[in-house]
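The structure appears below as structure tokens.
The values are calculated or read from the model by the stated rules, or taken from the named source; none is laboratory data. Since the structure is predicted, the reported quantities are computational estimates derived from the model, not experimental observations. Cβ atoms come from the backbone with ideal geometry, glycine included; neighbour counts cover every protein chain shown.
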């Protein structure tokens, strides 16, 4: 059942918390049972990878219900792998992963996962409304057709992302930023309790980024949990509540101000971090993934409605080097 913002309280047993406490984590060794009880996403000593290549090792993390969490780290740090573990798309090599109080994958109807890259045939005659309606299918089951409530949820989601006027537009004709809005609308239309978003604001214009972050903040205020990877440290510091800095392991987890800590940045980014004139500058490719998957296309602004998405197979515009600056 989805949470009602007027009644939802993650603390369903009586106890007190310090006003400025951090959520206890297994890694910190502070009351791991408490952390697990309040966590929508919980990993204990998790290692995972692809083939014989490790992507994450000995990860401990607890993300409390209602969190707006940015996951940051360099290329190949395991950020996308973390989301796939929580979505139940891959299994850990070792350790435990729980989502919404159950093993990952068992509460799929309450989880919306939006990868940075979508495997899509952009020439297929599917409209914006069709794509957003797909977010309702897991709850419908195999034999039910969308009803009035489903259509209403789809319309509301399209309004939230300012794509209602394009509801009947073929998906392939949209710009990269518009596609990001549509796939976020698909997640919103599913009315999940947990959002898992891989680079939701990468490659979009400033207005789109602000609009999407406003939506994610609103979902967190409603008691939903939002976990999003990002390469934009300024966005992580200014628009998220918490940050998890990872580089195969969890380097730090706490308030978003951690991304302004030079020691945290140095331990997270290592050789990707430069200090110029007293400022820490992160050099990173914002479009790298932990594993390559053929046919996936990235969404980027530029070139109008018919602009081609950036691809990882060498076709189209190639990824560039991004510099993310933060105060030291």
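Key figures for this structure:
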read-out: Residue ID - surrounded by the fewest Cβ atoms within 10 Å (Cβ to Cβ), chosen from residues in region 239-268 that are in contact with a helix residue (DSSP H, G or I) (Cβ under 8 Å, 6 or more places away or on another chain) and assigned to a helix (DSSP H, G or I); value: 257
read-out: Any hit, region 194-205, residues being assigned to a helix (DSSP H, G or I), more than 16 Å from the chain's Cα centre (by Cα), farther than 19 Å from residue 75 by Cα and touching a residue at least 24 places away in the same chain (Cβ under 8 Å); value: no
read-out: Residue within region 115-122 that is out of contact with any strand residue (DSSP E or B) (no Cβ under 7 Å at 6 or more places or on another chain) and closer than 24 Å to residue 163 by Cα present; value: yes
read-out: Residues satisfying the stated conditions in region 62-79, i.e. at negative phi and assigned to a loop (DSSP other than H, G, I, E, B); value: 65, 67, 74, 75, 77
read-out: From 87, 104, residue being in contact with a strand residue (DSSP E or B) (Cβ under 9 Å, 6 or more places away or on another chain), under 30 Å from residue 147 (Cβ atoms) and crowded, with 22+ Cβ neighbours inside 10 Å; value: 104
read-out: Residue 136 being out of contact with any strand residue (DSSP E or B) (no Cβ under 9 Å at 6 or more places or on another chain), surrounded by 16 or more Cβ atoms within 10 Å (Cβ to Cβ), at pLDDT 85 or above and not in a loop (DSSP other than H, G, I, E, B); value: yes
read-out: Residue identified as over 26 Å from residue 139 (Cβ atoms), touching a strand residue (DSSP E or B) at 6+ places or on another chain (Cβ under 7 Å) and surrounded by fewer than 24 Cβ atoms within 10 Å (Cβ to Cβ) among 232, 198, 168, 205; value: 232
read-out: Filter pass, residue 32 being over 22 Å from the mean Cα position of the chain (by Cα), surrounded by 13 or more Cβ atoms within 10 Å (Cβ to Cβ) and modelled with pLDDT under 70; value: yes
read-out: Residue 177, sole failed condition from (1) assigned to a loop (DSSP other than H, G, I, E, B); (2) modelled with pLDDT under 90; value: (1)
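Okay, residues lined up against (1) closer than 28 Å to residue 237 by Cα; (2) surrounded by 19 or more Cβ atoms within 10 Å (Cβ to Cβ); (3) out of contact with any helix residue (DSSP H, G or I) (no Cβ under 7 Å at 6 or more places or on another chain):
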{"position": "37", "(1), (2), (3)": "yes, no, yes"}
{"position": "50", "(1), (2), (3)": "no, no, yes"}
{"position": "53", "(1), (2), (3)": "no, no, yes"}
{"position": "58", "(1), (2), (3)": "yes, no, yes"}
{"position": "62", "(1), (2), (3)": "yes, yes, no"}
{"position": "65", "(1), (2), (3)": "yes, yes, no"}
{"position": "94", "(1), (2), (3)": "no, no, yes"}
{"position": "109", "(1), (2), (3)": "no, no, no"}
{"position": "124", "(1), (2), (3)": "no, no, yes"}
